[in-house]
Amino acid sequence: MAGNTKVRPRPAKPAQSQEKPARQAGEEVSGKAAKPSQLPVAFAYFLTLLISLVVFGFIGFYIINRFVMKEEQEPETSVVTDVPMAKDRFSVVYVQADEQNVMQHALLVRFIPDEGKIRMIPVPAELVCDDNGAAVQLKDVYSEKGVSAVRNLLEDVYGVEIDKYMTVTNGAFDGIVDYVGGITHTPTENMFYSDPLTGEELACKKGEKITLIHNQLRMYLNYPNFSAGKMENLKVQADLMEDFINDAFMQIEMLENNMDTLFNMVYNSSDTNMTKNEYISGKKGLLYIMKNYKNPCEALTPVGKWEDGSFTVSGSFPDEVKRFLEME
């Protein structure tokens, strides 16, 4: 019946037992779920691209430099030392004087760089010259008029032109010997000498090889008591100075690095007509000889006669000097 009809109540929907989690501060509100970040992928891509550019750029530069630009580059050339000519030849007389400025001996040297030669002739201090009609010894001329007069008279004796003159003190000579390192020699006789002025001593034993260093080489060259007499002095001076110069020129690096020092060692205490600019010009020829020739030095022993402590050259020797020095 209509009046008695009962209306059953609908069951209520169950209440939601869970709530959505609260958003973190700063989180954007979106209708869709948030996507993961793309930053790591972008960075990896950029790094890969950068490395590729560097690698391919290097390869491209190498190819262009190696094959394309090579024809445009100048070919490599080696530095060639200037070759001397005949006009670069010159001659010097070196007068060795002791601390009292007494002439000991002299050395006439001819530099021939265009042929790789150094020629030298020992000159005794007792060489007899004609000085305005008077027979005089070179050492007396040096004492009275100096080294320039010695040069002039030596030109007359040998009939050659001598461009330059230089004095060499004992100290300068010893310093040069120390730089080069001396020379090994075997004496042919027992030798002992004590210089009364300086107190320097020289003692050598026959057949015993020695190294002549510092003042020993100088004293050996000027030894006053060879058993063969003064002629032996000239022979010893020729032989030892030839060996000394050749040994020095074998020490290329040492000589090249110290040539200016050696020159100044002599120049600063020397009476000379050589300028430093002339030395620099001549130095080029010496370096050329040193770097291109072995044993360039050759010495000639004077020929003549010793009498009463004076030396007179033989009549034919001046012609031999001209040929030897290539000054004919």
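The values are calculated or read from the model by the stated rules, or taken from the named source; none is laboratory data. The structure displayed is predicted, hence computed values, not measured ones. In this analysis, Cβ positions are derived from the backbone assuming ideal geometry, glycine residues included, and neighbour counts consider all displayed protein chains.
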Legend entry - K209 vs. criteria of a type in the set (D, E, K, R) and under 30 Å from M254 (Cβ atoms): yes
Legend entry - Residue that is surrounded by the most Cβ atoms within 10 Å (Cβ to Cβ), among those in region 214-230 that are more than 21 Å from W306 (Cα to Cα) and touching a helix residue (DSSP H, G or I) at 6+ places or on another chain (Cβ under 6 Å): L217
Legend entry - Hits in region 194-211 - residues which are surrounded by 12 or more Cβ atoms within 10 Å (Cβ to Cβ), in a loop (DSSP other than H, G, I, E, B) and touching a Pro at 6+ places or on another chain (Cβ under 9 Å): K205
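In the set N257, N190, which member is modelled with pLDDT of 95 or more, exposed (fewer than 14 other Cβ atoms within 10 Å of the Cβ) and among the polar types (S, T, N, Q)? Don't jump to the end; show me each part of the working.
Values: N257 fails: modelled with pLDDT of 95 or more.
When all the criteria are applied, what remains is N190.
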Legend entry - All positions within region 142-156 that are out of contact with any helix residue (DSSP H, G or I) (no Cβ under 8 Å at 6 or more places or on another chain) and either of a type outside the set (D, E) or not in a helix (DSSP H, G or I) (or both): S143, K145, G146, V147, S148, R151, N152
Inset, instruction - Mind listing whichever residues of region 291-313 are assigned to a loop (DSSP other than H, G, I, E, B) and without any contact (Cβ under 8 Å) to a residue 60 or more places away in the chain? - result: K294, N295, V303, D308
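Looking only at residues in region 89-105 that are β-branched (V, I, T) and part of a strand (DSSP E or B), which one is surrounded by the fewest Cβ atoms within 10 Å (Cβ to Cβ)? Spell out the reasoning first.
The first filter runs over region 89-105 and keeps only residues β-branched (V, I, T), leaving 92-93, 95, 102.
Cutting the leftovers down to part of a strand (DSSP E or B) gives us 92-93, 95.
Numbers: V92: 20, V93: 23, V95: 26.
Ranking the candidates gives V92 first.
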Inset, instruction - Could you list, in sequence order, all residues of region 157-186 that are within 20 Å of L255 (Cβ to Cβ) and part of a loop (DSSP other than H, G, I, E, B)? - result: G181, G182
Legend entry - Every residue from region 239-258 that is farther than 14 Å from Y223 by Cα and either hydroxyl-bearing (S, T, Y) or in contact with a strand residue (DSSP E or B) (Cβ under 8 Å, 6 or more places away or on another chain) (or both): D239, M241, E242, D243, F244, I245, N246, D247, F249
Legend entry - Candidate set: region 235-254, residues that are surrounded by fewer than 20 Cβ atoms within 10 Å (Cβ to Cβ) and of a type in the set (S, T, N, Q); chosen: the one modelled with the lowest pLDDT: Q251
Inset, instruction - Kindly provide the set of residues from region 116-157 that are closer than 30 Å to P84 by Cβ, free of Cβ contacts under 8 Å to residues at least 60 places away in the same chain and of a type in the set (K, R), ordered by number. - result: R151
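Let's see how each residue does on (1) in contact with a Leu (Cβ under 6 Å, 6 or more places away or on another chain); (2) not polar (S, T, N, Q):
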{"residue": "Q237", "(1), (2)": "yes, no"}
{"residue": "Q251", "(1), (2)": "no, no"}
{"residue": "L255", "(1), (2)": "no, yes"}
{"residue": "D260", "(1), (2)": "no, yes"}
{"residue": "D271", "(1), (2)": "no, yes"}
{"residue": "G285", "(1), (2)": "no, yes"}
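Residues being under 13 Å from the mean Cα position of the chain (by Cα) and assigned to a helix (DSSP H, G or I): count how many of those fall in region 239-288.
First, pick out the residues of region 239-288 that are under 13 Å from the mean Cα position of the chain (by Cα): 248-263, 283-284, 286-288.
Still in the list and also assigned to a helix (DSSP H, G or I): 248-250, 252-263, 283-284, 286-288.
Going through region 239-288 one residue at a time, the tally reaches 20.
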Legend entry - Some residue of region 114-121 being touching a helix residue (DSSP H, G or I) at 6+ places or on another chain (Cβ under 6 Å), surrounded by 21 or more Cβ atoms within 10 Å (Cβ to Cβ) and outside any strand (DSSP E or B): no
Inset, instruction - State which residue pairs qualify: first residue over 17 Å from E232 (Cα atoms) and inside region 189-204, second residue among the aliphatic types (A, V, I, L, M) and assigned to a loop (DSSP other than H, G, I, E, B) in any location, beta carbons under 7 Å apart, and separation of 6 or more residues or different chains. - result: none
